[in-house]
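Encoded as structure tokens, the structure appears first; notes follow it.
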Amino acid sequence: MAWSYDFPKAEAGAERALRLPMGVASPLWAVFGAAAGVGIAYWWMTRWTRMVNIEALAGAAPKPVTAPEPIAIAAESAIVVEETVAEIAEDIAETVVAAAELALAEPPAAADDLTRMTGVGPKLSLALAERGVTRFAQIAAWTADDLAAYDAALALKGRAVREAWVAQAKRLAGHA
């Protein structure tokens with residue numbers, strides 16, 4: 001252990017380091033101080049930038065609302081108003097009559113489910129509906145020319161004739 005006697009200054013330095021108050025010299029105090037300063041600054045910034053209703057704090061009451069003064073209507077203005085009221089009444093009467101006619105009219109028949117026919121899927125049913133065909137009775141009334149026209153328009157490649165859509169539609173129209 002003779003070698004430890006060669007470092008007399010080390011023992012003195014260690015002894016001095018232990019006497020130094022560690023809390024004062026620690027860099028963690030600087031970090032804590034910075035974090036506290038940031039927190040306080042944030043708190044003040046959020047308090048001073050909050051919207052405040054100054055009128056409510058001051059106790060100011062809103063002004064009472066007063067009714068406007070009545071305006072005298074000249075005789076000429078009264079005639080114009082009466083004519084306008086009469087025109088509005090006529091428009092309302094026409095609208096009521098039109099609504100009554102619509103209410104009394106027969107509602108349109110509900111569309112049949114054309115996908116019940118063999119060879120008609122949802123897409124083809126939609127394509128037929130876009131062309132106004134929504135009922136089995138319409139397909140049942142098709143002629144050979146109608147079949148050819150729809151075959152060409154919808155690119156059916158003879159499917160309507162092969163699968164006998166007209167016969168299927170007649171059978172399904174009787175059941176619908």
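Some values worked out for this structure:
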read-out: Some residue of region 94-116 being part of a loop (DSSP other than H, G, I, E, B), modelled with pLDDT of 85 or more, closer than 30 Å to Gly158 by Cβ and hydroxyl-bearing (Ser, Thr, Tyr); value: no
read-out: Among residues of region 120-130, those that are assigned to a helix (DSSP H, G or I) and surrounded by 11 or more Cβ atoms within 10 Å (Cβ to Cβ), counted; value: 6
read-out: Region 118-136 residues that are more than 15 Å from Asp146 (Cβ to Cβ), paired with ones that are β-branched (Val, Ile, Thr) (beta carbon under 8 Å, 6 or more apart); value: Gly121/Thr115; Pro122/Thr115; Ser125/Thr115
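Here is a yes/no grid of residues against (1) surrounded by 13 or more Cβ atoms within 10 Å (Cβ to Cβ); (2) among the hydroxyl-bearing types (Ser, Thr, Tyr):
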{"residue": "Thr115", "(1), (2)": "yes, yes"}
{"residue": "Thr118", "(1), (2)": "no, yes"}
{"residue": "Gly132", "(1), (2)": "no, no"}
{"residue": "Thr143", "(1), (2)": "no, yes"}
{"residue": "Tyr150", "(1), (2)": "yes, yes"}
{"residue": "Arg162", "(1), (2)": "no, no"}
{"residue": "Gly174", "(1), (2)": "no, no"}
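The values are calculated or read from the model by the stated rules, or taken from the named source; none is laboratory data. Bear in mind that the values here come from a model prediction, so they are computed numbers and not experimental data. As a convention, Cβ positions derive from the backbone with ideal geometry for all residues, glycine included, and neighbour counts pool all protein chains shown.
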